[in-house]
Amino acid sequence: MIGHTNETLQVTGLQVSVLTAAGQQRLVHGIDLGIRPGQVLGLVGESGSGKTMTCLSILQLHDGKTTCIEGSIRLNGRELNGLRAGDMRRVRGKEIGFIMQNPMNAFSPVFTIGNQFVETIRSHTQLSKKQALDLAASALHDVNLPDASSLLRRYPFELSGGMLQRAMIALAMCMQPSLLIADEPTTALDTANQLQVLRLLDRIRREHGTSILLISHDLGVIAELADEVAVMQRGELVEKADVYSLFDHPRHPYTKQLMESRPVMPGAERSEELILS
């Protein structure tokens, strides 16, 4: 794939191998992906298909001693693969935001929410502590969390799962990154909170032009938010299409199998109108 110059993220020929007792084992095979500003690319596949491995490669979070990443990973034209650890730390959090599937894993239980926002913000900016707190409060307000100043003084265990997930999105977005990677962002949430988070992500991409890589095994989540969908099977990209074409006319046998495995209420049909549109 030849990447377009206006793409925020260009992944070309990505191959990931890990060192095992039997030697090098390749887990991701020549993946090509591209995401434009304001676009949501859904990455789907069953557990073990290579979705999270691809995500960690983009973030350069693999153990360099046991994992080999080949190919090109370009963010706004800058090559990330092979970037020095210190330089990559400056990219993560500032230029790339990351939302984990379990919000409790994103926050330390022994520090307040405010402390963790301030640490993240000040590691990427020259802001004072007060300025960082003001930015944190503004970010929390943007994700519809009320009484931000009080919330910043609380500990993670004092927040509900939905509040924590929105706080994590606020933390990921406070530096206004050009790319947001959301790895199963709604898995731990109930239906009402899932919809809130999806609407929030949609607003972020529309208002800020943020590119979003949405990783999920939940095809309902993908249908609600993604513009294009890439399907992975056993470390390979087997199909890529716009969301309507993929759901209405899947071509690859594995994609058809995924579609057929979706739980469907008797008599229910997939609406052509997305809830978020």
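The values are calculated or read from the model by the stated rules, or taken from the named source; none is laboratory data. This is a predicted model, so every value here is computed, not measured. Here Cβ is always computed from backbone atoms with ideal geometry, including for glycine, and neighbour counts include all displayed protein chains.
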Kindly provide the set of residues from region 176-213 that are surrounded by fewer than 18 Cβ atoms within 10 Å (Cβ to Cβ), in contact (Cβ under 8 Å) with a residue 40 or more places away in the chain and among the aliphatic types (A, V, I, L, M), ordered by number.
Leu195
Residue pairs qualifying under the 9 Å Cβ cut-off, at least six apart or on distinct chains, with the first in region 39-51 being more than 21 Å from Leu61 (Cα to Cα) and the second being among the acidic types (Asp, Glu), are Gln39/Glu7; Gln39/Asp227; Gln39/Glu228; Val40/Asp202; Val40/Asp227; Val40/Glu228
Members of region 8-19 found to be among the β-branched types (Val, Ile, Thr) and in a strand (DSSP E or B), listed by number
Val11, Thr12, Val16, Val18
Residue list for region 20-46, filter: part of a strand (DSSP E or B), over 22 Å from Met259 (Cα atoms) and touching an Asp or Glu at 6+ places or on another chain (Cβ under 7 Å):
His29, Gly34, Ile35
In region 235-250, how many are out of contact with any Phe, Trp or Tyr (no Cβ under 8 Å at 6 or more places or on another chain) and either assigned to a strand (DSSP E or B) or surrounded by fewer than 18 Cβ atoms within 10 Å (Cβ to Cβ) (or both)?
9
Can you name the number of the only condition in (1) under 17 Å from Leu75 (Cβ atoms); (2) modelled with pLDDT of 90 or more; (3) small (Gly, Ala, Ser); (4) surrounded by 15 or more Cβ atoms within 10 Å (Cβ to Cβ) that Ser17 fails?
(1)
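Can you confirm whether region 53-68 contains a residue that is assigned to a strand (DSSP E or B) and surrounded by fewer than 18 Cβ atoms within 10 Å (Cβ to Cβ)?
Restricting attention to region 53-68, the residues satisfying the condition of being assigned to a strand (DSSP E or B) are 67-68.
With the extra rule that they be surrounded by fewer than 18 Cβ atoms within 10 Å (Cβ to Cβ), the set shrinks to 67-68.
Checked region 53-68: at least one residue is assigned to a strand (DSSP E or B) and surrounded by fewer than 18 Cβ atoms within 10 Å (Cβ to Cβ).
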Residue tally, condition at pLDDT 90 or above and either in contact with a His (Cβ under 9 Å, 6 or more places away or on another chain) or under 19 Å from Leu140 (Cβ atoms) (or both), over region 180-197:
2
Log entry, pairs with first residue in region 217-240 being at positive phi, second being hydrophobic (A, V, I, L, M, F, W, C) and surrounded by 20 or more Cβ atoms within 10 Å (Cβ to Cβ), beta carbons closer than 7 Å, six or more apart or on different chains, reads Gly235/Val28
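Taking the conditions exactly as written (at pLDDT 95 or above and under 18 Å from Ser178 (Cα atoms)), does Ile96 satisfy them or not? Lay out the reasoning, then the answer.
On the way: at pLDDT 95 or above: yes; under 18 Å from Ser178 (Cα atoms): yes.
In short, yes.
Checking the conditions here, which among Met163, Met173 is closer than 27 Å to Ser57 by Cα and in contact with a helix residue (DSSP H, G or I) (Cβ under 9 Å, 6 or more places away or on another chain)?
Details: Met163 fails: closer than 27 Å to Ser57 by Cα.
That would be Met173, the only listed residue that is closer than 27 Å to Ser57 by Cα and in contact with a helix residue (DSSP H, G or I) (Cβ under 9 Å, 6 or more places away or on another chain).
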